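All remarks here apply to the structure that follows.
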Amino acid sequence: MSLEFDTAILVLLYNKEISESDTINSLLRSKVQYRNARLVIWNNGPNPLKSRDVSRLQQVGYDVVTEETIENRSLAAIYNRFIRETKSEKYIFLDDDSQLNESYIDASAQAFSDRIAMPLIKSSGQIVNPVINGRPGNPSAQIGQQDKVITIGSGLIVGRDIANRLEALFGSVFDERFYLYGVDTTFCFRVFLAKLSEAIMIIPGFEHSLSRHQKESKKVIAFRRLERSYDLGLTLRYYTPLIKKLIILTKVCSSTLATRLFNGQPTFDLAPLFKALFSGKHYRKQ
């Protein structure tokens, strides 16, 4: 297959205009630029963009495409469509609120088609991702086939050869049974199951805002708890061995009931968790 671009970049907007995105403004400010790059700016709602002016991005060399799905479509479906519709050597996935720096841009621009590049993500100055065998990663980490590596989606770089191998094994790169939460984690599970951990490289990263470190309204907290519950239920169903599944369920049920008993705010709600576990479907797809 003839590849049209060296790099394809997806910036996923939510409740922001293009001009308000820290990620896009970081790309504009950077003295380091991607060569032969397509930039897909995808507004995932909840409101239509007021402006689609991308002239500044075009002036610095990006081939820019804008997409809009104001119904807040599944992240996995968006990611997979982005890969299918763009012929590129590698694919970069970015949220709209990342403070990109030139070290990350330079390293990601040099990533290979047969590798998965994961940036060191910091929140409040502390490295939080990727996590290698349960511990935060470091730039000199040597990753072997038996290592389990988990990271968030923002900043992830997937080479075309890797995407092809995952599609061949699983039918898609990202698992569309997951909607918002769990999309990045289950990608990492697929990488491990495909015995591709050795293809992971750690690159310089950037500061990224994590929702769990922010104060939020009760409505948002309830929404995130619902999404986490479905994420865990689906993960237990599709990616967790039986014995480990029973151990996790026992711990989660005990913790949730104890927290409720003392009028606390649990991490999960049990009813949606079990509904996801037994139905195998996200509530937005039922």
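The values are calculated or read from the model by the stated rules, or taken from the named source; none is laboratory data. If you're wondering where the values come from, they're calculated on a predicted model, not measured in any experiment. Neighbour counts run over all protein chains shown; Cβ positions are idealised from the backbone, glycine included. With ligands, DNA and RNA removed, areas are computed over all heavy atoms of the protein, side chains included. Shrake-Rupley method; radii C 1.70, N 1.55, O 1.52, S 1.80 Å.
Gln265 is checked against (1) in contact (Cβ under 8 Å) with a residue 40 or more places away in the chain; (2) under 30 Å from Ala194 (Cβ atoms) and fails just one. What number does that condition carry? Tallying (1) in contact (Cβ under 8 Å) with a residue 40 or more places away in the chain; (2) under 30 Å from Ala194 (Cβ atoms), Gln265 fails exactly one: (2). A count restricted to the stretch 75-109 and to residues that are out of contact with any Gly (no Cβ under 9 Å at 6 or more places or on another chain), of a type in the set (S, T, N, Q) and modelled with pLDDT under 95 stands at 1.
For the stretch 111-130, name all the residues that are open to solvent by 60 Å² or more (accessible area, probe 1.4 Å) and not in a strand (DSSP E or B). Correct list: Phe112, Asp114, Arg115, Ser124.
Here Trp42 clears all of (1) more than 28 Å from Phe178 (Cα to Cα); (2) free of Cβ contacts under 8 Å to residues at least 60 places away in the same chain; (3) surrounded by 15 or more Cβ atoms within 10 Å (Cβ to Cβ) except the condition numbered (1).
Taking the stretch 251-286 as the range and being hydroxyl-bearing (Ser, Thr, Tyr) and open to solvent by less than 30 Å² (accessible area, probe 1.4 Å) as the test, only Thr256 passes.
Is it fair to say Thr250 is at pLDDT 95 or above, β-branched (Val, Ile, Thr) and closer than 30 Å to Leu94 by Cα?
No.
Would you list the helices (runs of 4 or more DSSP H) that sit entirely within the stretch 140-239 and hold 3 or more residues that are in contact with a strand residue (DSSP E or B) (Cβ under 9 Å, 6 or more places away or on another chain)?
Result: 160-170, 183-193.
Taking the stretch 22-31 as the search range and keeping residues that are open to solvent by less than 40 Å² (accessible area, probe 1.4 Å) and over 13 Å from Asp53 (Cβ atoms), which one is nearest to the chain's Cα centre (by Cα)? The residue in question is Thr23.
Reported count of residues in the stretch 97-110, each being in a loop (DSSP other than H, G, I, E, B) and either open to solvent by less than 10 Å² (accessible area, probe 1.4 Å) or free of Cβ contacts under 8 Å to residues at least 60 places away in the same chain (or both), is 1.
When Ile203, Ile248, Ile243, Ile221 are screened for being surrounded by fewer than 16 Cβ atoms within 10 Å (Cβ to Cβ), touching a residue at least 40 places away in the same chain (Cβ under 8 Å) and of a type in the set (A, V, I, L, M), only Ile221 passes.
Here is the figure for the stretch 131-152: residues that are open to solvent by less than 10 Å² (accessible area, probe 1.4 Å) and in contact (Cβ under 8 Å) with a residue 40 or more places away in the chain total 2. Note on the stretch 3-17: among residues that are open to solvent by less than 10 Å² (accessible area, probe 1.4 Å) and either among the aliphatic types (A, V, I, L, M) or modelled with pLDDT under 95 (or both), the one that is farthest from Lys87 (Cα to Cα) is Leu13. When Lys244, Lys275 are screened for being under 24 Å from Ser74 (Cβ atoms) and basic (Lys, Arg), only Lys275 passes.
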